[in-house]
Amino acid sequence: MGLPGSGKTTVFNALAHARAAVGGYSAPSAEPNLAVVKVPDPRLDQLAPLFEPKKFTPAEVQYVDVAGIVRGSGKESAGSLLAHLRNVDVLLQVVRAFGSAASHGSDPTPLEDVEGLHLELILADLDVVEKRLDRVQKEAKLTEDDLRKSEADIQKLTDQYVQKVDQILKKKEEEILEI
């Protein structure tokens, strides 16, 4: 992950032995590049002939290359882009430390880029927390309303029961008096 033009896809291509188009993202909502790379392990190569397993499965690393996170792009665009990153185990931040045509001649500011990206991640987390808090508050309110309704229903049933008991007792009292 990183800002646009920082070299994320170039790093992705190098790690995944892929050929994804560099600079191919036009919008943060674009689908990410995905790649799965088998991890060579000489220990596994030595153990396989000894134990002759039915299946030989080396470890795999899955790489996800997302569009650049544009600072101040808003919760929606950053949120959709960051949704691709929520389930990964490790984040790799690529920071531009070189001049390019995309930077319009400005000098790179790696520290500001890192801080800006961290701020976008914090804001995205804050958005998730706020949504969860709203949902919990709605559930709590619903629960309180349901509780009030249940209390009213219980009181109504109790009143009906008391009336029936009173009627039965009154009837029994009249029967006793007749005897």
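The values are calculated or read from the model by the stated rules, or taken from the named source; none is laboratory data. Predicted model, so just to flag it, every value in this text is computed and none were measured. Virtual Cβ from ideal backbone geometry, glycine too; neighbours counted across all protein chains shown.
Taken as a whole, the structure leaves V128 outside the set of residues that are at pLDDT 85 or above and either assigned to a helix (DSSP H, G or I) or surrounded by 10 or more Cβ atoms within 10 Å (Cβ to Cβ) (or both).
Of all positions in the range 111-120, none carries a residue that is over 19 Å from A67 (Cα atoms) and of a type in the set (G, A, S). If I filter the range 94-108 down to residues being surrounded by 15 or more Cβ atoms within 10 Å (Cβ to Cβ) and assigned to a loop (DSSP other than H, G, I, E, B), which single residue comes out as modelled with the highest pLDDT? Checking each candidate, the answer is V95.
None of R19, R43 is modelled with pLDDT of 90 or more and either part of a loop (DSSP other than H, G, I, E, B) or among the small types (G, A, S) (or both) except R19.
Condition check for Q62 on (1) assigned to a helix (DSSP H, G or I); (2) of a type in the set (S, T, N, Q); (3) surrounded by 11 or more Cβ atoms within 10 Å (Cβ to Cβ): one failure, at (1). In the range 73-90, the residue that is modelled with the lowest pLDDT out of those that are loosely packed, with under 12 Cβ neighbours inside 10 Å, more than 9 Å from the chain's Cα centre (by Cα) and among the charged types (D, E, K, R) is E76.
Any idea which residue in the range 1-16 is modelled with the lowest pLDDT, counting only those that are among the small types (G, A, S) and under 22 Å from G99 (Cα atoms)?
Filtering the range 1-16 for residues among the small types (G, A, S) gives 2, 5-7, 14, 16.
Remaining after also requiring under 22 Å from G99 (Cα atoms): 2, 5-7, 14.
Numbers: G2: 88, G5: 85, S6: 88, G7: 90, A14: 95.
Of everything passing the filter in the range 1-16, G5 is modelled with the lowest pLDDT.
Give me a count of the residues in the range 33-54 that are free of Cβ contacts under 8 Å to residues at least 12 places away in the same chain and either on the phi > 0 side of the Ramachandran plot or acidic (D, E) (or both). Talk me through it step by step, then tell me what you get.
First, the residues of the range 33-54 that are free of Cβ contacts under 8 Å to residues at least 12 places away in the same chain: 42-43, 45-54.
Narrowing further to those that are either on the phi > 0 side of the Ramachandran plot or acidic (D, E) (or both): 45, 52.
Result for the range 33-54: 2.
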